[in-house]
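Working notes for the structure below.
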Amino acid sequence: MRPFDSGHEDLIHDVAYDFYGRFVATCSSDQHIKVFKLDKETTRWEQSDSWKAHNSSIVSVDWASPEYGRIIASASYDKTVKIWEENPDQEENSGRRWNKLCTLNDSTGSLYSVKFASSHLGLRLACIGNDGILRVYDALEPSDLRSWTLTTEIKVLQTPPANNLQSDFCISWCPSRFSTEKLAVCVLDQALIYQRGRDDKFHIVGKLLGHKGLIRSISWAPSIGRWYQLVATGCKDGKVRIYKITEKLSNSQEQIESSNDDSMTDNKSADKQDLEPTLEIELLSEHDDHKAEIWSVSWNLTGTILSSAGEDGKVRLWKSTYSNEFKCMSVINAQQ
């Protein structure tokens, strides 16, 4: 662990690595976004640029997939999402290296989370905030990133929380390209899984149960070589929870399949394509080792190791044993 001075003048709310892990973006209540690059020789993080991005606290940043260029999205309490693109012709630390492409201002409440979808879904992002509405935007012309279209608007929370109460909202997209498009959405103490149906609309297909407080963070694991999905949550009740999600055909669908047994194979495969899988959700494990509020959970690139950060000032790494039990394999203390 090597700490470095971010230079922010207020609380840092979010940190995001780019795809290759060579750049990191931070956002803060000082209304600035900063981008740092890793010096390969000294292995130190050096500031590449810093700029005032919003008119209020910035609480979420995310990088788009590198095939679309060097793009960052930011979400703020000023009710806007902004899309930024790097201009390599501008000098570093000039404050002009990142150009604003677009401002998305449909939200009527403070925004809490913005996340780009996996690259196989195209250039797409989702955001959610205090008005309790999930919004999905698409850049229909990847060559023109200045125009984004609001393609989905879902009222996840019927009555938005009072401004004087603590609230939290977060999003995580399913990264699997072999699975139907899904995303997990957390509003307060509820965690819902939405799936895009054949009508091209999102429907709730499952809930992650058991939370006894605000859900601070959710992370969908990459599923390299796994036939099931893993989703982790970090909660105010002090617990890290890991859920196993299995796609299966419902009973009625299985009956349809069995009734087609005598028909031609081609017809069967056509019917199979028409069926929409249901989800079986199982709480695999929950851990209260932090003995404090959990603020962030995140999987590694292969979806085999989960990291969790808590109010105890420690980062814990969790790994599955051969019997599918998650055990704490390492504890990293921020204050050495």
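The values are calculated or read from the model by the stated rules, or taken from the named source; none is laboratory data. Remember, it's a predicted structure, so these values are computed and weren't measured experimentally. No Cβ is skipped: glycine too gets one built from the backbone with ideal geometry, and neighbour counts run over all protein chains shown. Please note that ligands, DNA and RNA were not included when accessible areas were found on the heavy atoms of the full protein model with its side chains. Shrake-Rupley method; radii C 1.70, N 1.55, O 1.52, S 1.80 Å.
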* Structure fact -> Per the helix-only model, the chain has a calculated mean residue ellipticity at 222 nm (DSSP H runs of ≥4, -39500 (n - 2.57) each, divided over all residues, rounded to the nearest 500) of -1500 deg cm²/dmol
* Would you tell me the accessible area of SER285, worked out with a 1.4 angstrom probe on the heavy atoms of the protein chains, in Å² to the nearest 10? => 20
* Structure fact -> With all protein chains present, the chain has a carbon and sulfur share of its accessible area (1.4 Å probe) in percent of 47
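What is the sum of charges around GLY313, taking Lys and Arg as +1, Asp and Glu as -1, for the other residues whose C-beta is under 14 Å from the C-beta of GLY313?
Details: positive: LYS291, LYS314, ARG316; negative: ASP289, GLU293, GLU311, ASP312.
That sum, taken over residues with Cβ under 14 Å, equals -1.
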* Looking at ILE305, SER330, ILE193, which one has the Cα that reaches farthest to the positive end of the dipole of the chain (charges on Cβ: Lys, Arg +1; Asp, Glu -1)? -> SER330
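Per residue, what accessible area does the range 177-244 have, given a 1.4 Å probe and all protein chains present, in Å²?
Here the per-residue accessible area is 41 Å².
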* Structure fact -> Between the Cα axis of helix 265-274 and the main Cα principal axis of the chain, the angle (0 to 90°, nearest 10) is 40
* Asked: If you plug each phi of the range 77-85 into the Karplus form 6.51 cos²θ - 1.76 cosθ + 1.60 with θ = phi - 60°, what whole-Hz ³J(HN,Hα) values come out, in order, with x for Gly and Pro?
  -> 5, 7, 6, 10, 10, 10, 10, 10, 10
* Which entry in [x] 51; [y] 45; [z] 41 is this structure's computed percent of Cα pairs over 26 Å apart? -> [x]
* Structure fact -> Listed residues VAL15, VAL61, VAL231; largest mean-square fluctuation, Gaussian network over the chain with Cα springs below 10 Å, found at VAL15
* Structure fact -> From most to least accessible, 1.4 Å probe, no ligand or DNA/RNA atoms counted, ILE332, ILE58 line up as ILE332, ILE58
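Which net charge results for the neighbourhood of THR149, defined as the other residues with beta-carbon distances under 14 angstrom from its beta-carbon, given Lys and Arg at +1 and Asp and Glu at -1? Please report the intermediate quantities before stating the final value.
Numbers: positive: ARG124, ARG135, ARG146; negative: ASP106, ASP138, GLU141, ASP144, GLU153, ASP200.
Net charge in that neighbourhood comes out at -3.
Which links in LYS155/LYS239; LYS115/LYS236; LYS291/LYS319; LYS201/LYS236 stretch past 29 Å when you go from one Cα to the other?
With Cα atoms farther than 29 Å apart: LYS201/LYS236.
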* Structure fact -> Computed for the range 16-70: size of charge dipole around the Cα centre, +1 on C-beta of each Lys and Arg, -1 on C-beta of each Asp and Glu, debye to nearest 20, value 60
* What is the spread of the Cα atoms of the range 27-86 along each of their three principal axes, largest first, in whole Å? -> 40, 28, 14
* Only loop residues by DSSP count here, and only those with at most 10 other Cβ atoms within 10 Å; note down the trypsin sites (Lys or Arg not before Pro) in the range 1-104 that meet that. => LYS40
* **Long-range HN-HN contacts of SER296 with modeled amide H, under 5 Å** => ALA309
* **Accessible area in the full protein assembly, largest first, 1.4 Å probe, for ILE245, ILE305** => ILE305, ILE245
* Structure fact -> Counting only residues 5 or more apart in sequence or on a different chain, those whose built amide H sits under 5 Å from that of ASN87 are TRP98, ASN99
* Asked: Around ALA126, what is the net charge, scoring Lys/Arg as +1 and Asp/Glu as -1 over all other residues with Cβ under 13 Å from its Cβ?
  -> 0
